[in-house]
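The values are calculated or read from the model by the stated rules, or taken from the named source; none is laboratory data. If you're wondering where the values come from, they're calculated on a predicted model, not measured in any experiment. As a convention, Cβ positions derive from the backbone with ideal geometry for all residues, glycine included, and neighbour counts pool all protein chains shown. When the accessible area is computed, the model is the full protein with side chains, heavy atoms only, and any ligands, DNA or RNA have been set aside. Shrake-Rupley method; radii C 1.70, N 1.55, O 1.52, S 1.80 Å.
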Amino acid sequence: MTLQPIAVPDLIKDLPLSSDAETLVDFSNDQIEAFMLADQTIIENFVTCDFHLVAQALRWLQQEHLVAGNRFCEWGCGIGVVTMLAALQGMEAVGIEIEPRLVDLSTEIAQSKNVDAKFYCDSFVPRHSSKVSDLAAEVANVVTDEGEVYEEIGLAIEDFDLFFAFPWPGEHHFFEAVFDDHASEGSLLLTYRGREGMNLVRKI
Ligand SMILES: C[S@@+](CC[C@H](N)C(=O)[O-])C[C@H]1O[C@@H](n2cnc3c(N)ncnc32)[C@H](O)[C@@H]1O
């Protein structure tokens with residue numbers, strides 16, 4: 001299989017967000033600040049992406065009809081904001097996160113904002129990942145253990161049309177390897193790459 005890069009134009013930065021998305025991003029940023037201040041134990045692998053930019057990228061994907069279906073999955077969803085943004089766009093959206101406190105907060109935010117997104121606490125790495133053991137030594141900020149979350153969700157990894165992740169610098173290869181190994185042909189992997197912005201590949 002091959003991953004085909006798709007350029008994400010700079011023009012996405014001009015796309016307006018829906019008022020629901022704006023409200024969710026503002027509310028979530030406040031919740032993150034409160035969570036960080038209240039919690040004494042730092043969750044080392046948790047940092048948040050630029051929610052506004054990712055929301056614009058999701059909007060662009062929808063406008064350009066680039067996604068083959070309606071199922072969205074966020075790998076390592078933190079407090080689930082991107083998953084909720086996908087749900088607000090009408091996608092069937094799930095987020096997978098290994099830290100229970102973050103999953104609890106995601107669920108609280110989704111309930112308080114009436115967003116129909118679902119969150120699962122486990123590793124996004126599916127069983128029988130052939131390339132993962134080779135790559136595990138190269139990543140420091142991803143838990144590389146395999147989980148059983150797709151059984152719990154009731155969908156196979158091949159059933160999703162769009163994945164999103166925010167890899168730590170230099171660790172995107174791990175996410176691409178899992179995607180290449182397991183996702184279905186035609187599906188997309190969108191990643192946020194910090195200063196480099198958005199990156200998009202399609203499995204062909
Ligand atoms: C860089 S943060 C990104 C959070 C969120 N996606 C965002 O963009 O704001 C990465 C998250 O992945 C989680 N994580 C790391 N390994 C994981 C795994 N195997 N399965 C699920 N979550 C994982 C971490 O706990 C952390 O919350």
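Observations on the model:
- Positions within the range 88-101 being more than 14 Å from the chain's Cα centre (by Cα) and either of a type in the set (K, R) or part of a loop (DSSP other than H, G, I, E, B) (or both), in sequence order: Q89, G90, E99, R101
- The single residue among V115, V25, V125 that is of a type in the set (V, I, T), within 24 Å of L155 (Cα to Cα), surrounded by 14 or more Cβ atoms within 10 Å (Cβ to Cβ) and in contact with a Phe, Trp or Tyr (Cβ under 9 Å, 6 or more places away or on another chain) turns out to be V125.
- Any hit, the range 17-30, residues being in contact (Cβ under 8 Å) with a residue 24 or more places away in the chain, away from the ligand (no atom under 11 Å from the Cβ) and of a type in the set (D, E): yes
- Residues of the range 1-21 satisfying the condition of being open to solvent by 80 Å² or more (accessible area, probe 1.4 Å) and in contact with a helix residue (DSSP H, G or I) (Cβ under 7 Å, 6 or more places away or on another chain): M1, K13, D20
- Tally, over the range 36-58, of residues that are surrounded by 11 or more Cβ atoms within 10 Å (Cβ to Cβ) and either over 12 Å from the mean Cα position of the chain (by Cα) or within 12 Å of the ligand (Cβ to nearest atom) (or both): 16
- Filter result (open to solvent by less than 40 Å² (accessible area, probe 1.4 Å) and either of a type in the set (D, E, K, R) or more than 20 Å from E99 (Cα to Cα) (or both)) within the range 157-171: I157, F160, D161, L162, E171
- Taking the range 92-103 as the range and being open to solvent by less than 20 Å² (accessible area, probe 1.4 Å), more than 10 Å from the ligand (Cβ to nearest atom) and not small (G, A, S) as the test, only V94 passes.
- Number of positions in the range 1-16 that are over 19 Å from V67 (Cα atoms) and in a loop (DSSP other than H, G, I, E, B): 1
- Residue match in the range 64-87 (condition: over 17 Å from L189 (Cβ atoms), in contact (Cβ under 8 Å) with a residue 40 or more places away in the chain, in a helix (DSSP H, G or I) and open to solvent by 30 Å² or more (accessible area, probe 1.4 Å)): no
- Residue that is in contact with a Lys or Arg (Cβ under 6 Å, 6 or more places away or on another chain) and either under 27 Å from G197 (Cα atoms) or at pLDDT below 95 (or both), where the choices are E146, E158: E146
- Enumerated strands (runs of 3 or more DSSP E) restricted to the range 104-204, each holding at least 2 residues that are near the ligand (Cβ under 10 Å from one of its atoms) and closer than 22 Å to L53 by Cα: 162-165, 188-192
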